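Below is one structure, written out as structure tokens; comments come after it.
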Amino acid sequence: MKALVAVKRVVDYNATILVKADGSGIDTNNLKFSINPFDEVAVEEAVRLKEAGMVSEIVVVSIGPAQAQDTLRNALAMGGDRAILVTVDGDVEPLAVAKLLRAVVESEKPDLVILGKQAIDGDCNQTGQMLAALLGWPQGTFASALAFKDGELNVIREIDSGNETVSLQLPAVITADLRLNTPRYVSLPNIMKAKKKPLATTTPATLGVDVAARQRVLKVEPPAKRKAGIKVGSVAELVAKLKNEAKVI
């Protein structure tokens, strides 16, 4: 069984984000970029499936600038077998990403597609669902556990009221939640080995996909600064402020 894992290059979650003075976007100068945490979980799950003998090959794919090769090399160091980079400069909207991934899926013909449930930069949580719809495949979103049983894939997914288990027939699309696993530490020997693994590049034009933006960002601004807190002298004073000032009770 072949697994295809989609990963995205994003600003590292530990980085301090600053907005440009003109409000056109965030200032990415000197910022550290890394693999999207949810996608890192997806790669780890594919590697664990391979170690369990369920997956024979792991193909990792990314859509982004040339620098995303570093992200793919990290995924290869985790255990991916080969990588594909769809080179695109600038932001790509979720539907365009889903269409690009569909083109890659139709070429690679994997049995399972795994990707993070969302990217921490846009927080859209749309690509996996759109990809499943475009392919006409069953989907298991927000996955916190996977298990193969009687030729089907059982997915425990997190929902508002608790956990839900769905049974999917392959091929299928899975989006990974953080509770699915804990990604492994990438060792230096594996980083060196990853440099020799195949990494192919292609373009949206080659895949026949239009990635032109359908929306325009008008302005980006930082969140409002929090007001300083106050201390109250008694429970009665706290209740009075919650009732009369905050008006939450």
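Against the longest principal axis of the chain, how steep is helix 68-78, in degrees 0 to 90 to the nearest 10, with axes from Cα atoms?
Helix 68-78 sits roughly 70 degrees off the main axis of the chain.
Compute the accessible area per residue over the range 2-245, keeping the other protein chains in place, probe 1.4 Å, unit Å².
Per-residue accessible area for the range 2-245 comes out at 57 Å².
If you line up the long axis of helix 94-108 against the longest principal axis of the chain, both from Cα atoms, how many degrees apart are they, to the nearest 10?
20
Where is the GNM fluctuation largest for the chain (alpha-carbon springs, 10 angstrom cutoff): D22, D177, D123?
D22
Per residue of the chain, what 222 nm ellipticity follows from adding -39500 (n - 2.57) for every DSSP H run with n ≥ 4, rounded to the nearest 500?
Calculated at 222 nm, the ellipticity per residue is -8500 deg cm²/dmol.
Give me the accessible area of I120, 1.4 Å probe, in Å² rounded to the nearest 10.
60
Please build a GNM for the chain, connecting alpha carbons under 10 Å apart, and tell me which residue among V113, V92, V239 fluctuates the most.
The residue that fluctuates most here is V239.
Would you work out what percent of the accessible area of the chain, with all protein chains in place, is carbon or sulfur (probe 1.4 Å)?
51
Excluding residues fewer than 8 places away in the same chain, name every one of the aspartates and glutamates whose C-alpha is closer than 16 Å to that of K231.
E245
What residue among E44, E57, E164 shows peak mean-square fluctuation when the chain is described by a Gaussian network model with Cα springs under 10 Å?
Highest fluctuation among the options: E164.
The values are calculated or read from the model by the stated rules, or taken from the named source; none is laboratory data. None of these values were measured; they are calculated from a predicted model. To get the accessible areas, we keep the full protein, side chains included, count just its heavy atoms, and leave off ligands, DNA and RNA. Shrake-Rupley method; radii C 1.70, N 1.55, O 1.52, S 1.80 Å.
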